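K.L.:
Attaching a single structure in structure tokens format; questions to follow.
The values are calculated or read from the model by the stated rules, or taken from the named source; none is laboratory data. None of the values given here were measured: they were computed from a predicted structure. When we count neighbours, we look across all protein chains shown, and the Cβ atoms used for this are built from the backbone with ideal geometry, even at glycine. SASA here: full protein model, heavy atoms, side chains in, ligands and nucleic acids out. Shrake-Rupley method; radii C 1.70, N 1.55, O 1.52, S 1.80 Å.
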Amino acid sequence: QAFSLFVKAKEVPAAARCPAGGEGVRWMCCLQAFEELSGIHRHVALQHAADIGQLAGLAAKQAAAEASPSSGPAPAGKAEGLSGHSCTSPEISCMLPDTSRISYDDLTSKVGEVLLYYCYCEVKDPEKLCAWQKALCQHLHLTGKVRVASEGINGTVGGSKVATSLYIEVMLSQPLFKDILCQEDFKSSAGGSHCFPDLRVGVFKEIVPMGVDPKMVSYKETGIHLSPQEFHREVEQYLSQASQGQSDTILLDCRNFYESKIGHFQGCLAPDIRKFSYFPSYVDENLELFKDKRVLMYCTGGIRCERGSAYLRSKAVCREVYQLKGGIHKYLEAFPDGFYRGKLFVFDDRYAICSNEDIISACRYCGTLWDQYKLCSSQHCRQLVLICPSCRNKGLTACCPVCQEKELQVASRASGQTLKEECECTRRRPRVPVEHLSQRTLDAEK
């Protein structure tokens, strides 16, 4: 049954097929077209055994729950599950939307968007939610990354506008997210399925990797949420007071250094950290900096602030902790020419999206204004690096001289063997910086 349902989800809508009954493409999967039933069956059996196993396990759970004497009747109006029966779980509906009336071209169009969202809530069966999410994304031809945990869900998916609209509609109808997730929680930007190499859906301990047990620091202890309008007024007041040396506020960027390098709020404190999992150590090392301060926190879409603000509050040193609801994404929708300057870094093949013409970063080699990231050309490194076209044309394509030399050595090896090694950039960067002057970034802005 699970096998049959998986194949059914790969059908090309009738309107997109050839008029003759058995002719033309009838199924699409993994960018391959299939005309014969035997062909799609063989492909699914060879390439998607694990997916079928997940769906079969989900169906088995439902069947066992329905057969249990202690289980009562299914709630009225419950959406149909993947097995064709009502989901017995009170918190997860396994519904897949009907796409039979949508043309295949509309569903798979490359002109689309990328959605960014998260929802903190209690998930009793993360594996079940994960299986449904994977089936839903595959059904809608979405690519991207979805993290599921007992504390909620965090997703970045790309596809056609028809597909992303259906995805939002189904997510909002999911009983698990009722009265928590709303239309405004989905941040969108121009893009599509081509922005991601594939689809990755998995179960994790945290929906954002801070490296702290959610039971120790819960999203329920988060800071005070500010709307983009409220945050804008707070930043305006902060900048006015800070210019006179009277501010008791810290405008804190919760992102990584390569994100804040190409775009940030004016006068912010941007920690020189490479991973969000370093943020707790950064706070621990700089507690004096936050003592008796009002902290205004922000990140890309708001999710890192949820856990980050909770961790900062757990230290009981700040006077108040606030966070930007919806993150920079929502702020730029309301204030494209506000206090945020430069590009917004995103974790997909686009690397950055823009709302203004400002360029605040420079080429690694010549210092020319430049903000378009490329991967370091050295195979043992592959860090993100800012190199302008002129320097690239000169053969400067690595993040540092060490990597540039390594690339030449690797290219000259007959075997082509590569070794992952620490480069100059990483070796010289302290894992957790200690801030000495809280106003240094504001002075730099001046």
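K.L.:
Can you bin segment 224-358 into rounded, prolate or oblate? Criterion: square roots of the alpha carbon gyration tensor eigenvalues sorted a ≥ b ≥ c, rounded for a/c under 1.5, prolate for a/b above b/c, oblate for the rest.
P.N.:
Oblate shape, in that a/c is at least 1.5 and b/c is the bigger or equal ratio.
K.L.:
Once you sort the root eigenvalues of the Cα gyration tensor of segment 113-156 as a ≥ b ≥ c, which label holds: rounded (a/c under 1.5), prolate (a/b larger than b/c) or oblate (the other case)?
P.N.:
Cα axes put segment 113-156 in the oblate bin.
K.L.:
Quick check for segment 110-203: number of Lys pairs with alpha-carbon distance under 15 Å, counting only pairs 8 or more apart or on different chains?
P.N.:
Lysine pairs meeting the criterion: 4.
K.L.:
Using the Cα centre of segment 110-203 as the reference point, and only Cβ charges (+1 on K/R, -1 on D/E), how large is the resulting charge dipole? Debye, rounded to the nearest 20.
P.N.:
300
K.L.:
Residue-wise, which Karplus ³J(HN,Hα) couplings in Hz belong to segment 384-397, taking 6.51 cos²θ - 1.76 cosθ + 1.60, θ = phi - 60°, and x for glycine or proline?
P.N.:
For segment 384-397, the Karplus curve yields 7, 9, 9, 9, 6, x, 4, 5, 5, 5, 7, x, 8, 10 Hz.
K.L.:
A further question on this structure: Cα centroids of segment 364-408 and segment 158-219: how far apart, whole angstrom?
P.N.:
First find each Cα centre; the distance between them is then 33 Å.
K.L.:
How much of the pair distance distribution for segment 110-203 lies past 23 Å, counting alpha-carbon pairs only, in percent?
P.N.:
Taking all Cα-Cα pairs of segment 110-203, the fraction more than 23 Å apart is 15 percent.
K.L.:
Moving on. To the nearest 20 debye, what charge dipole does segment 224-358 have about its Cα centre, counting +1 at the Cβ of each Lys and Arg and -1 at the Cβ of each Asp and Glu?
P.N.:
The dipole of segment 224-358 has a size of about 320 debye.
K.L.:
Under 18 Å Cα to Cα from Lys220, which aspartates and glutamates show up? Leave out anything in the same chain fewer than 8 places away.
P.N.:
Within the straight-line limit of under 18 Å, Lys220 reaches these aspartates and glutamates: Glu122, Glu151, Asp179, Asp185, Glu206, Glu306, Glu320.
K.L.:
Let me ask something additional. Ranked by accessible surface with a 1.4 Å probe, highest first, in what order do Tyr118, Tyr282 come?
P.N.:
Correct descending sequence by accessible area is Tyr118, Tyr282.
K.L.:
Give the ranking of Asp106, Asp371, Asp213 by solvent-accessible surface, highest area first, calculated with a 1.4 Å probe.
P.N.:
Asp106, Asp213, Asp371
K.L.:
Ranked from the most accessible area to the least, with a 1.4 Å probe and all protein chains present, what is the order of Lys220, Lys275, Lys315?
P.N.:
Ranked from most to least accessible, the order is Lys220, Lys275, Lys315.
K.L.:
Then there is this: Within segment 224-358, how many Lys pairs sit with Cα atoms under 27 Å apart, leaving out pairs fewer than 8 places apart on the same chain?
P.N.:
Summing the qualifying lysine pairs gives 20.
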